[in-house]
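K.L.:
Handing you a structure now.
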């Protein structure tokens, strides 16, 4: 594992809210979120103060950014983080509340990323 070749490192692990390693657990799930925001560039700075993070983010134009190495545990799924077996992907919204729309380019890039994630997933 590591980071996908599809992604550019952006604010990579510059925030305190992730855990080093996975205690030997294999990745066996992917959790896809929406960012609840439209500003893709501020994501790593939000994680400076909010106890959250994700492995990847996908922008409105389909750009994929890596935030946390896949060998580490991102804090993206609440109590599921204790399971330490997931990869988190944050999709940037194209509109805000109440619809929280996501562009097709974001959806397409998310699907492409999921398709190539680790082969050792159960």
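Please treat every number below as a calculation from the coordinates, not as lab data. All values derive from a computational prediction rather than experimental measurement. Counting neighbours? That spans all protein chains shown, and the Cβs are built from the backbone with ideal geometry, glycine included.
K.L.:
Order by neighbour count: 65, 50, 22, 115, fewest other Cβ atoms within 10 Å first, most last.
P.N.:
Details: 65 23, 50 11, 22 17, 115 8.
Fewest-to-most ranking of 65, 50, 22, 115: 115, 50, 22, 65.
K.L.:
Computed FRET efficiency, Cβ-Cβ of residue 33 and residue 5, R0 25 Å: what is it to the nearest 0.05? Spell out each step's value before the answer.
P.N.:
On the way: r = 22 Å, r/R0 = 0.89.
After rounding, the FRET efficiency stands at 0.65.
K.L.:
What angle, in degrees between 0 and 90 and rounded to the nearest 10, separates the Cα long axis of helix 104-116 from the longest principal axis of the Cα atoms of the chain?
P.N.:
Value to nearest ten degrees: 10.
K.L.:
Another question, if that's okay. Listing 86, 97, 4 from the residue with the fewest other Cβ atoms within 10 Å to the one with the most, what is the order? Could you put the intermediate results ahead of the total?
P.N.:
Working: 86 22, 97 7, 4 18.
Ranking 86, 97, 4 by Cβ neighbours within 10 Å, fewest first, gives 97, 4, 86.
K.L.:
Follow-up. So between residue 61 and residue 26, what do we pick up on full extension, going 0.36 nm a residue minus the alpha carbon distance? Working shown, then result.
P.N.:
Details: separation 35, 0.36 × 35 = 12.60 nm, distance 3.08 nm.
In short, 9.5 nm is gained.
K.L.:
What does the helix-only formula give at 222 nm for the chain: each DSSP H stretch with n ≥ 4 adding -39500 (n - 2.57), the total divided by the residues, and the result rounded to the nearest 500 deg cm²/dmol? Please list the in-between numbers first.
P.N.:
Values: 2 runs with 17 residues, N = 122.
Per the formula, -4000 deg cm²/dmol.
K.L.:
So what is the orientation-averaged projected area of the stretch 8-116, using the convex hull of its C-alpha atoms, in nm²?
P.N.:
Values: hull surface 25.9 nm².
Convex hull of Cα atoms, orientation-averaged projection: 6.5 nm².
K.L.:
Here is a further query. Take the Cβ-Cβ distance between residue 72 and residue 101 as r, set R0 to 22 Å, and report the resulting FRET efficiency rounded to the nearest 0.05.
P.N.:
Details: r = 31 Å, r/R0 = 1.40.
That pair, residue 72 with residue 101, gives E of 0.10.
K.L.:
Points 7 angstrom from Cα along the Cβ direction at residue 115 and residue 12: gap in nanometres?
P.N.:
So the label points at residue 115 and residue 12 sit 2.4 nm apart.
K.L.:
Which one of 78, 37, 11 has the biggest mean-square fluctuation once the chain is modelled by GNM with Cα springs under 10 Å?
P.N.:
Greatest mean-square fluctuation among the candidates belongs to 78.
K.L.:
Would you mind ranking 68, 27, 43 so that the residue whose beta carbon has the fewest other beta carbons within 10 Å leads the list? Mind dumping the intermediate values first?
P.N.:
On the way: 68 25, 27 19, 43 22.
Exposure proxy ranking, most exposed first: 27, 43, 68.
K.L.:
Under a 10 Å cutoff between Cα atoms, tell me which one of 42, 30, 64 has the largest fluctuation in the Gaussian network model of the chain.
P.N.:
The residue with the greatest mean-square fluctuation here is 42.
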